[in-house]
Every structure is written in structure tokens, then in C-alpha cells.
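Asks: Got a structure for you, questions after.
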Amino acid sequence: SVQKIEPKIFFANERTFLHWLHAGITLYTISAGILVFSDEDESDWAHWYAMALLPVSLGFCLYALHVFLWRADRIKTRIPGRWDDPRGPYILGGVIVLILLINFFTKLAQIWNYERTEL
């Protein structure tokens, strides 16, 4: 059966697209800030950390575009069924958590090595 489409559905799709783009741009800004404001002593690790965040931020923007276009097509053709992606947010969130955990444990190891050299 054909579903009735209300105009608020189109606006909800655009609003969701803008929220995902905002998240990607915010992540890009954070990684660019890490690159610019990193200390000379830690510049090697900060460089790798920021360069790991940049593709993730691009992934957020590309994911937002993909879901927006896919959902707009489903709305326009009135295809019945689910109009959401249950796996994408978990994958992107998992990648960010993985990068943050790597950063946390690397900094923890640096602190541990620093304290051992001071004693």
C-alpha cells in the first residue's frame, strides 16, 4: 500500500541531514585545531591523532549525504518500509570511540613513562 507523505517528512529529512553535517564539520574543526595548536614536543602524536579524525569527519559528511539522498528517494517514490539506517550511526560512533580510546591509552602510557623517568 502507498503511504501518505506529509510535508514535515521532507523537512525532517533535511533537518537530519544538517545535524549529521554539523557533527562532521565540528569533528573536522576539532581535528584541525589539534593540528594547529599542538606542542612541538607532542607534534608527532598530535599529527597522527588529527589525521585519524579527519577521515572520520569526512565519513560523517558522506554518510549524511548518502542517507539524505537515499531517504529522499524513498520519500519521493513512497516506498513502504523503514526509512532509517540502523547500522550507520553505530559504525561511525564506534570508530570515534576507538580513536578516542587509542588516544587515551597512548596518553596514559606517556604519563606512566614520564613518571617513571622522574623517579
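The values are calculated or read from the model by the stated rules, or taken from the named source; none is laboratory data. Bear in mind the structure is a predicted one, so any value in this text is a computation, not a measurement. Backbone-built Cβ (ideal geometry, glycine too); neighbour counts: all protein chains shown. When the accessible area is computed, the model is the full protein with side chains, heavy atoms only, and any ligands, DNA or RNA have been set aside. Shrake-Rupley method; radii C 1.70, N 1.55, O 1.52, S 1.80 Å.
Asks: Taking 0.36 nm per residue of separation and subtracting the Cα-Cα distance, what length does fully extending ILE75 through LEU21 add? Spell out each step's value before the answer.
Replies: On the way: separation 54, 0.36 × 54 = 19.44 nm, distance 2.03 nm.
Contour length minus Cα-Cα distance gives 17.4 nm.
Asks: Express the accessible area of region 2-86 per residue in Å², computed with a 1.4 Å probe while the remaining protein chains stay in the model. Could you put the intermediate results ahead of the total?
Replies: On the way: 5830 Å² over 85 residues.
Accessible area per residue: 69 Å².
Asks: Averaging sequence separations of C-alpha pairs under 8 Å and six or more residues apart, then dividing by the length of the chain, give the relative contact order as a whole percent. Mind showing how you got there, number by number?
Replies: Numbers: 75 pairs, mean separation 39.5, N = 119.
Computed value for the chain: 33 percent relative contact order.
Asks: Using a 1.4 angstrom probe with every protein chain in place, what is the largest-first accessible-area order of VAL36, VAL95? Write down the numbers at each step before the final one.
Replies: Working: VAL36 105, VAL95 55 Å².
Ranked list, largest accessible area first: VAL36, VAL95.
Asks: Still on this model: If packing is taken as the mean number of other Cβ atoms within 10 Å per residue, what is the order of 73-83, 10-20, highest first? Can you show the working numbers first?
Replies: Working: 73-83: 11.2, 10-20: 14.3.
The most tightly packed comes first, giving 10-20, 73-83.
Asks: Of LYS8, LYS107, which has the most accessible area with a 1.4 Å probe, and how do the rest follow in descending order? Please report the intermediate quantities before stating the final value.
Replies: On the way: LYS8 135, LYS107 60 Å².
I get LYS8, LYS107, largest accessible area first.
Asks: Counting only protein heavy atoms, what percent of the accessible surface of the chain is carbon or sulfur at a 1.4 Å probe? Could the numbers behind the result be given before it?
Replies: Working: 5960 of 8820 Å².
Using a 1.4 Å probe with all protein chains present, the chain comes out at 68 percent carbon and sulfur.
Asks: Per 0.36 nm of contour for each residue apart, how much would the distance between THR106 and ILE30 grow if the chain were fully extended, relative to their Cα-Cα spacing?
Replies: Details: separation 76, 0.36 × 76 = 27.36 nm, distance 1.87 nm.
Full-extension gain reported as 25.5 nm.
Asks: Please give, to one decimal in nm, the separation of the simple spin-label points placed at ILE91 and TYR114, each 7 Å out from Cα toward the Cβ.
Replies: 3.7
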